[in-house]
């Protein structure tokens, strides 16, 4: 241990930090970002019309970067009993084609996405990572990873996360516990959490935290659990100097 060099220590510490994807959007001290999640395309309960309307809203308000927090597609149909009865398109290849054909394509807007647990079902059952195939066919859709990615947008760190497991009674609880596990020297300015189909914004540990909402209506699976989804997306207008946020205006879009 005494022989370890400063360079080796730095390498070890940096290895623990997530790789940062850097995005530059325009210039100035105002950054606009759209946040969507859980679109579940290929589900019979997808809200593709509202998703298209949301992207139109983004375009009208000058948004050029949209962050998608996972579950872009419905998955392999085997995640719970009866899931296949709630879908209209099956198979990894057909779902990739459907997403590439139907996901909103708007001039000037790029969507950066992770796949989430539903997308991962294709990978876990057949070794197909649909994110890579979507990104190859759609140049406006940038694949970031399977369940988590840190993105630097104009100097602001966003952690994009798609957790697992069920939600909590309090919408903020799961994100709060996640934020507590981030070391003080490695915190993002903004934490975005998909998966739970809920929408909430709160400030904790000097992190702006969002549950991202969804674009899938109540399925029989959710109805049996007594859950109703929050359909919509976030539009953020952020005033900042580098990584220092002076003001953030979060708007939930419910069309």
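The values are calculated or read from the model by the stated rules, or taken from the named source; none is laboratory data. These figures come from a predicted structure and were not determined experimentally. Note that we place each Cβ from the backbone using ideal geometry, even for glycine, and neighbour counts take in every protein chain shown.
Would it be correct to say that residue 116 is at positive phi and free of Cβ contacts under 8 Å to residues at least 60 places away in the same chain? No; evaluated as a whole, the condition is false for this residue. Can you find a residue in segment 225-234 that is surrounded by 15 or more Cβ atoms within 10 Å (Cβ to Cβ) and more than 16 Å from residue 45 (Cβ to Cβ)? The answer is yes, given that some residue of segment 225-234 is surrounded by 15 or more Cβ atoms within 10 Å (Cβ to Cβ) and more than 16 Å from residue 45 (Cβ to Cβ).
Kindly indicate whether any position in segment 211-223 is over 16 Å from the mean Cα position of the chain (by Cα), in a strand (DSSP E or B) and over 17 Å from residue 45 (Cβ atoms). Within segment 211-223, not a single residue is over 16 Å from the mean Cα position of the chain (by Cα), in a strand (DSSP E or B) and over 17 Å from residue 45 (Cβ atoms). Within segment 27-37, the residues that satisfy the criterion of being part of a loop (DSSP other than H, G, I, E, B) and surrounded by fewer than 24 Cβ atoms within 10 Å (Cβ to Cβ) are 27, 28, 29. Among the residues of segment 80-105, the ones that are in a loop (DSSP other than H, G, I, E, B) and surrounded by 17 or more Cβ atoms within 10 Å (Cβ to Cβ) come to 3 in all. Pairs are defined by a Cβ separation below 6 Å, a sequence spacing of at least 6 or placement on different chains, a first member in segment 77-92 that is modelled with pLDDT under 85, and a second member that is part of a helix (DSSP H, G or I) and surrounded by fewer than 15 Cβ atoms within 10 Å (Cβ to Cβ); the pairs so defined are 77/84. Scanning segment 183-210 for residues that are surrounded by 14 or more Cβ atoms within 10 Å (Cβ to Cβ), free of Cβ contacts under 8 Å to residues at least 40 places away in the same chain and not in a strand (DSSP E or B) yields 187, 188, 196, 198.
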